[in-house]
1. Determine whether B:Arg56 is of a type in the set (Lys, Arg), buried (at least 20 other Cβ atoms within 10 Å of the Cβ), more than 23 Å from A:Tyr147 (Cβ to Cβ) and within 8 Å of chain A (Cβ to nearest Cβ).
2. Every residue in region B:53-64 that is within 14 Å of DNA strand C (Cβ to nearest atom) and either charged (D, E, K, R) or in the same structural domain as B:Val169 (by TED's automatic domain parsing) (or both), please.
3. Taking B:Tyr121 as the residue in question, decide whether it is of a type in the set (Ser, Thr, Tyr) and within 14 Å of chain A (Cβ to nearest Cβ).
4. If you go through region B:125-139 one residue at a time, do you hit one that is within 21 Å of B:Tyr214 (Cβ to Cβ), surrounded by 19 or more Cβ atoms within 10 Å (Cβ to Cβ) and within 14 Å of chain A (Cβ to nearest Cβ)?
5. Go through region A:75-94 and count every residue that is closer than 13 Å to A:His36 by Cβ and either without any contact (Cβ under 8 Å) to a residue 60 or more places away in the chain or in contact with a Ser or Thr (Cβ under 6 Å, 6 or more places away or on another chain) (or both).
6. Mind counting the residues in region B:47-59 that are more than 16 Å from A:Ala58 (Cα to Cα) and more than 9 Å from DNA strand D (Cβ to nearest atom)?
7. Restricting to region B:3-20, and then to whatever is in a loop (DSSP other than H, G, I, E, B) and facing another protein chain (nearest Cβ under 8 Å), can you tell me which residue is modelled with the highest pLDDT?
Number of protein chains: 2
Amino acid sequence: MSSYDVKQEVTDKYSLRGRVFHKLRDDILNGKYEEHEELKEVTIGEELGVSRTPVREAFRQLELEGLIQIIPNKGAYVTGITEKDVKDIYMIRSLLEGLCARWATEHITKEQLEEMEENVYLAKFHASKGHMEQIAELDNRFHEILYEACNSKMLEHQLKDFHAYVLRVRRKTLANQVRGTASNEEHEKIMEAIKAGNADSAEELAHRHMINAYENMVKNGLHEIYEKNKALSETQ
Amino acid sequence: MSSYDVKQEVTDKYSLRGRVFHKLRDDILNGKYEEHEELKEVTIGEELGVSRTPVREAFRQLELEGLIQIIPNKGAYVTGITEKDVKDIYMIRSLLEGLCARWATEHITKEQLEEMEENVYLAKFHASKGHMEQIAELDNRFHEILYEACNSKMLEHQLKDFHAYVLRVRRKTLANQVRGTASNEEHEKIMEAIKAGNADSAEELAHRHMINAYENMVKNGLHEIYEKNKALSETQ
DNA sequence: CCTCGTATAATTGTATACAATCATACGAGG
DNA sequence: CCTCGTATGATTGTATACAATTATACGAGG
């Protein structure tokens with residue numbers, strides 16, 4: 001085994017830069033900052049008790065993750081996600097998640113399948129109790145398992161790239177027990193197709209799963225959320 | 001028009017950091033550095049006549065672009081692309097380019113279509129003369145036009161993300177007149193489908209275009225290239 | 001009252017100094 | 001001869017100082 005095979009999280013959590021990166025990432029995803037809000041290097045640095053250097057490096061990374069936009073010599077701004085962006089993301093993801101499910105069918109390990117079964121089982125329990133926080137967490141994890149199981153670091157990278165975007169929206173929209181249950185049932189079907197070794201079916205089910213998630217999102221007020229945000233940012 | 005709508009290249013070309021970023025990017029893509037070679041902050045800085053600060057920031061960005069891997073407190077290493085990675089990339093791209101062609105059919109502007117026609121026409125000329133450098137350039141540009149025409153910054157972002165990876169391989173493999181001509185003919189067909197407003201056909205043709213490019217690559221020595229690289233890196 | 005240029009302040013861009021961490025060499029001990 | 005610990009050097013991580021750029025305020029001139 002050569003040294004470059006060592007698996008390594010893209011961003012180190014234990015350096016100051018890593019901490020700044022993750023903190024800002026979470027804050028943006030959780031809506032602490034308004035869209036288009038300006039982030040100042042010194043302010044962020046003071047809040048976290050670090051100098052500008054690690055903050056700047058974290059900014060560069062957040063920019064490539066698509067969470068902020070840096071205008072040279074001017075400043076860093078939280079990016080806005082439009083309604084169309086969300087739609088595009090789900091269309092793209094529906095294709096990639098399908099491919100991911102196909103590849104996962106061919107490469108999933110025993111351990112991954114077991115974690116998946118546990119995930120679906122637990123989610124069923126929490127759905128019946130209406131524990132939305134746990135359901136969201138398990139939903140995330142289900143997809144992460146799928147990404148890992150597809151055995152393609154390229155596809156995994158692409159899908160995880162979307163994660164940041166998707167989380168920003170989904171956190172607001174999946175707080176809905178009906179879809180939570182339906183979503184988990186779809187997870188179960190995808191899992192069964194993978195277990196049965198039926199790649200075509202797994203691909204199709206994962207594809208539909210994304211489309212359904214998007215359509216549900218539209219029905220349950222994606223539009224209203226964006227109207228609200230727009231109104232907010234216009235009053236500033 | 002609000003200020004955040006201003007289009008802005010992700011990485012500024014005119015700051016020192018931007019110059020370092022683009023220089024390293026080109027060098028890696030052109031194979032100046034071996035895979036898994038270590039990049040030292042001071043060395044790079046001295047070569048380009050800048051301090052470590054902009055170099056470090058460029059490193060962080062290159063890491064997220066997937067061109068280098070940074071191991072904390074240790075160093076930055078040029079990432080390796082395996083034969084499987086290349087295959088995965090082309091499979092993923094075949095889906096996304098298909099979707100891109102579909103959306104381009106619906107959103108392409110008159111100007112973009114004109115540039116596309118010019119591109120195909122010029123490429124035909126250069127193909128007949130065997131001008132490989134120009135063909136490669138026009139090939140790149142054709143796909144860029146397609147990305148821009150799809151009118152989705154999300155899809156454009158994803159596809160351009162791959163560009164870096166793809167260029168590393170393609171530069172070595174497309175130097176082949178037969179495929180150059182065939183590739184351009186496929187471009188022409190995609191363009192005609194878009195022009196005719198036939199999204200289904202455009203999607204299918206773009207999808208096949210990628211698969212063909214990959215299969216051609218495999219036939220014409222992708223394997224040998226990787227054998228050579230592996231041998232090289234093992235002797236270090 | 002409006003326009004424009006200049007001065008000033010605020011902010012980012014870069015260089016450098018220092019701290020922390022990691023790799024290597026070397027020698028003591030077995 | 002081998003193993004392990006320590007010392008030394010090399011490299012990355014962070015803080016700070018300074019330069020360059022941009023935004024703002026204010027006043028002269030029309």
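The values are calculated or read from the model by the stated rules, or taken from the named source; none is laboratory data. Bear in mind the structure is a predicted one, so any value in this text is a computation, not a measurement. Cβ sites come from the backbone with ideal geometry, for glycine too, and all protein chains shown count toward neighbours.
1. Working: of a type in the set (Lys, Arg): yes; buried (at least 20 other Cβ atoms within 10 Å of the Cβ): yes; more than 23 Å from A:Tyr147 (Cβ to Cβ): yes; within 8 Å of chain A (Cβ to nearest Cβ): yes.
It is true that B:Arg56 is of a type in the set (Lys, Arg), buried (at least 20 other Cβ atoms within 10 Å of the Cβ), more than 23 Å from A:Tyr147 (Cβ to Cβ) and within 8 Å of chain A (Cβ to nearest Cβ).
2. Let us first name the residues in region B:53-64 that are within 14 Å of DNA strand C (Cβ to nearest atom), namely B:53-61.
Correct list: B:Arg56, B:Glu57, B:Arg60.
3. Numbers: of a type in the set (Ser, Thr, Tyr): yes; within 14 Å of chain A (Cβ to nearest Cβ): no.
No, not satisfied.
4. No, there is no match, as no residue in region B:125-139 is within 21 Å of B:Tyr214 (Cβ to Cβ), surrounded by 19 or more Cβ atoms within 10 Å (Cβ to Cβ) and within 14 Å of chain A (Cβ to nearest Cβ).
5. Restricting attention to region A:75-94, the residues satisfying the condition of being closer than 13 Å to A:His36 by Cβ are A:75-82.
If we keep only those that are either without any contact (Cβ under 8 Å) to a residue 60 or more places away in the chain or in contact with a Ser or Thr (Cβ under 6 Å, 6 or more places away or on another chain) (or both) as well, we get A:75-79.
Of the residues in region A:75-94, 5 are closer than 13 Å to A:His36 by Cβ and either without any contact (Cβ under 8 Å) to a residue 60 or more places away in the chain or in contact with a Ser or Thr (Cβ under 6 Å, 6 or more places away or on another chain) (or both).
6. So the count comes out to 4.
7. Step one: of region B:3-20, the residues in a loop (DSSP other than H, G, I, E, B) are B:6-15.
Of the ones still in play, those that are also facing another protein chain (nearest Cβ under 8 Å) are B:6, B:8, B:10, B:12, B:14-15.
Details: B:Val6: 30, B:Gln8: 35, B:Val10: 44, B:Asp12: 63, B:Tyr14: 76, B:Ser15: 86.
Only one residue tops the list, namely B:Ser15.
Each row is one residue, and each column tells you yes or no for (1) outside the structural domain of A:Asn30 (by TED's automatic domain parsing); (2) within 16 Å of DNA strand C (Cβ to nearest atom); (3) within 28 Å of A:His22 (Cβ to Cβ).
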position	(1), (2), (3)
A:Ile68	no, yes, yes
A:Ile71	no, yes, yes
A:Lys74	no, yes, yes
A:Leu96	yes, no, yes
A:Trp103	yes, no, no
A:Glu117	yes, no, no
A:Ile135	yes, no, yes
A:Ser152	yes, no, yes
